[in-house]
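The values are calculated or read from the model by the stated rules, or taken from the named source; none is laboratory data. No experiment lies behind these values; they were computed from the predicted model shown. Positions of Cβ are backbone-derived with ideal geometry, glycine not excepted, and every protein chain shown enters the neighbour counts. Only protein heavy atoms, including side chains, enter the accessible area calculation; ligands, DNA and RNA are left aside. Shrake-Rupley method; radii C 1.70, N 1.55, O 1.52, S 1.80 Å.
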Amino acid sequence: QVQLVESGGGLVQAGGSLRLSCAASGRTFGSYTMSWFRQAPGKERDFVSAAISGSGGRTYYSDYADSVKGRFTISRDNAKNTVDLQMNSLKPEDTAVYYCAAGRPYSGGNYLGHRYDRYDYWGQGTQVTVSS
């Protein structure tokens, strides 16, 4: 049974930092894109960051939403089947439930990693609240 389990959410003041972790089990995700999305109340689920598997699954490429570039850093460890999201300089608008996702978000060779409907596996989410 495939599972993605997030951890590390919490309450932090604006300007602070949090580190989210996602542990995957049930299969090997080396060739999958591992991503983070977030969803604020009343809003759609938005792309945050992706760690895109490179050739042979030994390397990865990072992709970020414009709103988090320069503040968030994604990393993955294929040996451990984990993906982390280091979040610095947090802002109140970063408040949301953060979800880990895994999939192969391609169609006809086009990368569709920002679309939440292109992912096969999801975690249960972890709440991040940034106070002003």
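Some notes on this structure:
- Each residue in region 50-63 was checked for being open to solvent by less than 70 Å² (accessible area, probe 1.4 Å), touching a residue at least 12 places away in the same chain (Cβ under 8 Å) and not polar (S, T, N, Q), and 5 of them qualify.
- Cβ-Cβ contacts under 7 Å between residues 6 or more apart (or on different chains), taken from a first residue in region 1-21 that is within 11 Å of GLN86 (Cα to Cα) to a second residue that is of a type in the set (Lys, Arg), are listed as GLY8/ARG19.
- Pick from region 30-42, criterion touching a helix residue (DSSP H, G or I) at 6+ places or on another chain (Cβ under 8 Å) and at pLDDT below 95, ranking: most open to solvent (accessible area, probe 1.4 Å): SER31
- Every residue from region 64-92 that is assigned to a loop (DSSP other than H, G, I, E, B) and free of Cβ contacts under 8 Å to residues at least 60 places away in the same chain: ALA65, ASP66, SER67, VAL68, LYS69, GLY70, ARG71, ASN78, ALA79, LYS80, ASN81
- Top-ranked residue in region 82-101 [being under 18 Å from ARG45 (Cβ atoms) and of a type in the set (Asp, Glu); ranked as surrounded by the fewest Cβ atoms within 10 Å (Cβ to Cβ)]: GLU93
- Within region 1-18, considering residues that are assigned to a loop (DSSP other than H, G, I, E, B) and over 14 Å from the mean Cα position of the chain (by Cα), the one modelled with the lowest pLDDT: GLN1
- Meets criteria (open to solvent by 20 Å² or more (accessible area, probe 1.4 Å), on the phi < 0 side of the Ramachandran plot, modelled with pLDDT of 95 or more and not in a loop (DSSP other than H, G, I, E, B)) for SER21: yes
- The condition of being touching a helix residue (DSSP H, G or I) at 6+ places or on another chain (Cβ under 6 Å), open to solvent by 40 Å² or more (accessible area, probe 1.4 Å), under 26 Å from GLN1 (Cβ atoms) and charged (D, E, K, R) holds for only one of ARG27, ARG45, ARG104, ARG115, that being ARG45.
- Test: residue in region 93-106 that is at pLDDT 95 or above, out of contact with any Pro (no Cβ under 7 Å at 6 or more places or on another chain) and part of a loop (DSSP other than H, G, I, E, B): yes
- Filter result (open to solvent by 50 Å² or more (accessible area, probe 1.4 Å) and either among the aromatic types (Phe, Trp, Tyr) or over 27 Å from SER31 (Cβ atoms) (or both)) within region 72-81: none
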